[in-house]
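The structure appears right after this line, and notes come after that.
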């Protein structure tokens, strides 16, 4: 080894060591930065809940427990229908219907369509003023449309669904009630509830019959069957 090479080697060795130390120092700093970033990111286990959800208001708890809602619809000269809405299967559709009922939207609206063994249909606000049979009947709505909400509910007798145009997201306020099972409609229209009381009334509805009043019920219980009277009249 020449003197020049020896001097060069002695000079390069500290430089290489400094460069290596610098690389190691950078790696450690990057690792520390990564660890600090990871420690700042909250890790949520399946059992951990966000702090805001630890305490729920009584109203929120009641809403979560409730899977159904009830609407009583009085049809003039016919009687009362009680409709059970399925909040679990069709939450947005039910919300829209309940809001319209609370606004009094359906009060005074007439059934503009009756198809024997098929459906009865109402919900067009134009039916309050236009004569039955007018070509515009069946084209009106509330001014608000709701998105198509597919679910597992079927077109059974007494089922209530949303009428719509060709666009699946065009449902608004018009609804129909099935007079008979209509399985061919399943999946094409949104069913959101069923008649649970007064189902015999739907068979008597005629074109032009008026929804006198629709109200949301706080609760509903099926009527208990009356005990048959004793034909013998009691004792001996």
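No value in this document is a laboratory result; all are computed from the given coordinates. Not measured: the values here are computed from a predicted model. Cβ: placed from backbone, ideal geometry, glycine included. Neighbour counts: every protein chain shown.
Taken over the range 70-101, the criterion of being in contact with a strand residue (DSSP E or B) (Cβ under 7 Å, 6 or more places away or on another chain), within 20 Å of residue 150 (Cα to Cα) and part of a helix (DSSP H, G or I) is satisfied by 92, 93, 94, 96, 97, 98.
When residue 151 is tested against the conditions (1) within 23 Å of the chain's Cα centre (by Cα); (2) under 19 Å from residue 194 (Cβ atoms); (3) buried (at least 16 other Cβ atoms within 10 Å of the Cβ), the lone failure is (3).
Residues are listed down the side, and each one gets a yes or a no for (1) surrounded by 12 or more Cβ atoms within 10 Å (Cβ to Cβ); (2) more than 23 Å from the chain's Cα centre (by Cα); (3) farther than 21 Å from residue 74 by Cα:
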residue	(1), (2), (3)
124	yes, no, no
136	no, yes, yes
143	no, no, yes
167	no, no, yes
196	yes, no, no
201	yes, yes, no
218	no, no, no
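All conditions but one from (1) free of Cβ contacts under 8 Å to residues at least 40 places away in the same chain; (2) part of a loop (DSSP other than H, G, I, E, B); (3) within 17 Å of residue 211 (Cα to Cα); (4) in contact with a strand residue (DSSP E or B) (Cβ under 8 Å, 6 or more places away or on another chain) apply to residue 169; the one that does not is (3).
So in the range 102-122, with the set limited to residues that are in contact with a strand residue (DSSP E or B) (Cβ under 7 Å, 6 or more places away or on another chain) and surrounded by fewer than 18 Cβ atoms within 10 Å (Cβ to Cβ), which one is farthest from residue 78 (Cα to Cα)? If you could, list the steps in order and put the result at the bottom.
Filtering the range 102-122 for residues in contact with a strand residue (DSSP E or B) (Cβ under 7 Å, 6 or more places away or on another chain) gives 102, 106-114, 119-122.
Within this subset, residues satisfying the condition of being surrounded by fewer than 18 Cβ atoms within 10 Å (Cβ to Cβ) are 102, 107-108, 114.
Working: 102: 22, 107: 15, 108: 14, 114: 15 Å.
Out of the qualifying residues, it is 102.
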